[in-house]
Amino acid sequence: MHRQNYQDILGLVQSPTRYAGNEVNTVHKDLDQMDLTFALVFPDLYEIGTSHFGLQILYSILNREKNIAAERFFTPAPDLEALMAQKNIPCLSMESKTPLAAFDIIGISLLYELNFTNILTMFSLSDIPFFAQDRDQAFPLVIGGGPCAFNPEPLADFFDAFVIGDGEETVLAVSRTVIAFKHQGDGKKSTLLQLLSGIAGVYVPKFFTPSFDENGCQKLSAVREDYTRVKRAFLPELTQDNFPMDPIVPFGKPVHDRLRLEIARGCTRGCRFCQAGMIYRPVRERSVPDLIRIAKTSLASTGYSDISLLSLSTGDYSRLPELMEQLLAISRNQCNAISLPSIRAERLTPELMTLIKTVRKTGFTIAPEAATQRLRDIINKNLTEDSIRATVKNAFELGWKNIKLYFMMGLPFEEAADIQGICNLSSSLASDYAKGKRSINVSVTTFIPKPHTPFQRHPQLTLDATMERLAFLKKNLGHPKVNLKWQDPRMSLVEGMFSRGDRKLSQVLTAAHANGCRLDGWNDHFDYGGWQKAFDQTGIDPDFYTSRHRTKNEPLPWDHIDTGVSQLFLKKEWENAAKQTLTLDCRDQDCTGCGVCDFKQIKPILHNSPVTRDMHQTYSPRLSDEAFARYKIWFSKLNDARFFGHLELATIVQRSVKRAGLTVKYSKGFNPSMRLAFDTALPVGMESESETFYIFLDRKLAPKEIAQALNRQLPTGLTVTGCSLAAKDTPEHDQTCRYLVRLFTFCPDTRAVERFMAKEEFMVEDLSKKGKIRKTDLRQSVAAIAHRTPDTLEMTMQPYNGRHIRPTAVLTQCFGLSEEAMGRTRIKKLSQG
């Protein structure tokens, strides 16, 4: 029932493919036959969540287990949320369209504080009580994990448990514990929570009681003597076993639409503001041979054309030149691109520079964080102005056209000269290096002190102070080659509040959600008025959590979370910041004594040894142009595939061709593209029994072989129905088209159709793509209309002045169907045969 209602409303929303599911490499299991069902929830839109590498890791690890089924959930956009609430449809999984509340475990990724209201949105739609104390049954069990879990207190009242640290091994330990409880336990939630608390890295809020001193500061008291601190879970080594070899290939346009290779985890730089650099220690690199094997397998299973190297500091990877060279080699004849987002000047060896020149250029980011050497030394950035200038110069010379510089406002010990320095450095770089079409984007944001960093007690800039600094930059950063961008300081205020908040903030979160706050990380959805109202309703002052100075003896809400980095080290690093003393990189220098490593199981893993090349590896030579032939391919686009837009469809076909292993011809030049052309472009929501595209493939391939290979790779709803060598003549566009139109709300009766067909003309006006007024006679575009059934029409459309007019234009403008009615209408283009 829910599934059908859900499908019925997808035609009424924007970007319906973000909800369709059935992407390539999704896993479908019979949930009734599983020992455990696991909902993986990313509380943001599909375009963000489906790009998250951690979600792909967990999805892969859980679904490898024969008795566990993991399915995905993303936050619906406001248009779909409103329809779901109206129709009483709960959040449904991407794979089987099963309600969220029906899963045993609901695992929520906590990547960003401004996603917190989205969690309540999904609970509300699914009729799941917000607060853990109101969920008496053991299931669904609500668990959170990710960087925001390192201060879990603002969400502690909503969650049953949190996973602190690396999740690869912990998620399986939790799953196996829950399965054993289901088979042998007494059914009591308290028993299950007791069992979970015995797993390394699992925090159960119920076993810690909060109290507040006279200043309003939270202190936690452990309920049990044997459970007073929660030590972060560590993954000792990155291997192929914990890598998603067959990642899901999203529909639509995700923010990271490429194969992501995590080459390392952790960072040794020691930047004092950086939470990730502290909580993901020590650095663990994947070996080049492992990465090459992963890349080969994943490229074949996804059809991706782009590879992105993922780590906190890609340029620090020990064998980067060898890795780049081998990735480029396996990409030969496949026209793949490797994304190298940033690299420090001191890492640009001549060998690496030669390799980079052959790479397609995407974005290039340099993060000085601070514009003066004094402030960079304070934050331990270990970056000189000479290095910044050399990196910018090299990046432009290597082919990048735009460079992004990232700065923060409100860093500890910041002075007016440091803000002026942003203007001076950016303008100087632009004047010296941004010639011709080159440009520099300067991005500034408010520094948000994060838990478990040396700056965790430092006050955040007030909203007024931030606005003053931003106004100064807008006024004084006027170089024509520099574009200034910034994050809304009010968003930073809310983020900072939750970053260092406590359990009292649960009431602010529920109030803000009730006030309509949703998708707070999106500028066009962020509603600061709703948050201000929530502050007033609850009496909570956000400045208590952001701009108030915390004394060195004040208890912190996250004191019970042990990242492995000692408090003594954090204190020492604060003192070094005050003295402008640098702490050297432990990758190249002696151990800095942060406390993470035991140098037995937990230790840095660096692959410094030269990589042995596979001398037996060979690559097929690129075929000559004469080796290719032009093929015409017929295909149908039915059911859920009707939601694919034309650009989506083109991408889907291209990746299917690559996964099928077909040898395809590419255009010439620096950014080669697959020689593929569609005959016509169908609008979103329209089905078709027969469409065509043309593609250049190896002429030795048999048409039947091509069709079979593509059908094994195309998603549900797309089917190749025929293939042949294409004639040399161009496609014809002057034929009539027949459509089957099923109307669910209103169908013109026979008399209405006869009156329309009796007209000599029905002129309408619209704007052409060039912005000129264009007249169209809709009557002359219709050759025939006939009723198949009382609610179904067959419409035969004919070209008008060389243009194909769709049935939608006739139904809305001639018969008065509303936009909502058209959203519920099913239109299928019929085969001409």
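The values are calculated or read from the model by the stated rules, or taken from the named source; none is laboratory data. Quick caveat: nothing in here was measured; it's all calculated off a predicted structure. Cβ placement follows ideal geometry from the backbone for every residue including glycine, while neighbour counts extend to all protein chains displayed. Just so you know, the surface numbers come from the protein's heavy atoms only, side chains and all, with ligands and any DNA or RNA stripped out. Shrake-Rupley method; radii C 1.70, N 1.55, O 1.52, S 1.80 Å.
Data table
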| quantity | calculated |
| --- | --- |
| Counted residues, region 503-534 - those being in contact (Cβ under 8 Å) with a residue 24 or more places away in the chain, in a helix (DSSP H, G or I) and surrounded by 18 or more Cβ atoms within 10 Å (Cβ to Cβ) | 10 |
| Elements of type strands (runs of 3 or more DSSP E) in region 718-797, at least 3 residues being within 30 Å of residue 631 (Cβ to Cβ) and modelled with pLDDT of 90 or more | 718-725, 737-742 |
| Among residues of region 229-271, those that are touching an Asp or Glu at 6+ places or on another chain (Cβ under 8 Å) and part of a loop (DSSP other than H, G, I, E, B), counted | 22 |
| Options 721, 736, 692; residue that is open to solvent by less than 40 Å² (accessible area, probe 1.4 Å), more than 31 Å from the chain's Cα centre (by Cα) and of a type in the set (S, T, N, Q) | 692 |
| Every pair of residues 6+ apart whose Cβ atoms lie under 6 Å, when the first sits in region 411-429 and is touching a residue at least 24 places away in the same chain (Cβ under 8 Å) while the second is not hydrophobic (A, V, I, L, M, F, W, C) | 412/458; 418/372; 419/469; 421/372; 423/476; 427/479 |
| Scan of region 550-588 for residues that are assigned to a loop (DSSP other than H, G, I, E, B), open to solvent by 40 Å² or more (accessible area, probe 1.4 Å) and within 21 Å of residue 217 (Cβ to Cβ), ordered by number | 551, 552, 553, 559 |
| From the options 113, 95, residue that is touching a Ser or Thr at 6+ places or on another chain (Cβ under 8 Å) and more than 22 Å from residue 61 (Cα to Cα) | 113 |
| Some residue of region 78-87 being out of contact with any strand residue (DSSP E or B) (no Cβ under 7 Å at 6 or more places or on another chain), in a loop (DSSP other than H, G, I, E, B) and either open to solvent by 10 Å² or more (accessible area, probe 1.4 Å) or among the charged types (D, E, K, R) (or both) | no |
| Region 149-182 - residue that is free of Cβ contacts under 8 Å to residues at least 60 places away in the same chain and assigned to a helix (DSSP H, G or I) and, of those, surrounded by the fewest Cβ atoms within 10 Å (Cβ to Cβ) | 180 |
| Failed item in (1) open to solvent by 10 Å² or more (accessible area, probe 1.4 Å); (2) in contact (Cβ under 8 Å) with a residue 60 or more places away in the chain; (3) outside any loop (DSSP other than H, G, I, E, B), with residue 498 passing the rest | (1) |
| Number of positions in region 276-312 that are over 19 Å from the mean Cα position of the chain (by Cα), open to solvent by 30 Å² or more (accessible area, probe 1.4 Å) and more than 15 Å from residue 53 (Cβ to Cβ) | 5 |
| Evaluation of residue 22 against (1) in a loop (DSSP other than H, G, I, E, B); (2) open to solvent by less than 20 Å² (accessible area, probe 1.4 Å); (3) out of contact with any His (no Cβ under 8 Å at 6 or more places or on another chain) (one fails), failing number | (2) |
| Yes/no for residue 403 being in contact (Cβ under 8 Å) with a residue 40 or more places away in the chain and either in contact with a helix residue (DSSP H, G or I) (Cβ under 9 Å, 6 or more places away or on another chain) or crowded, with 20+ Cβ neighbours inside 10 Å (or both) | no |
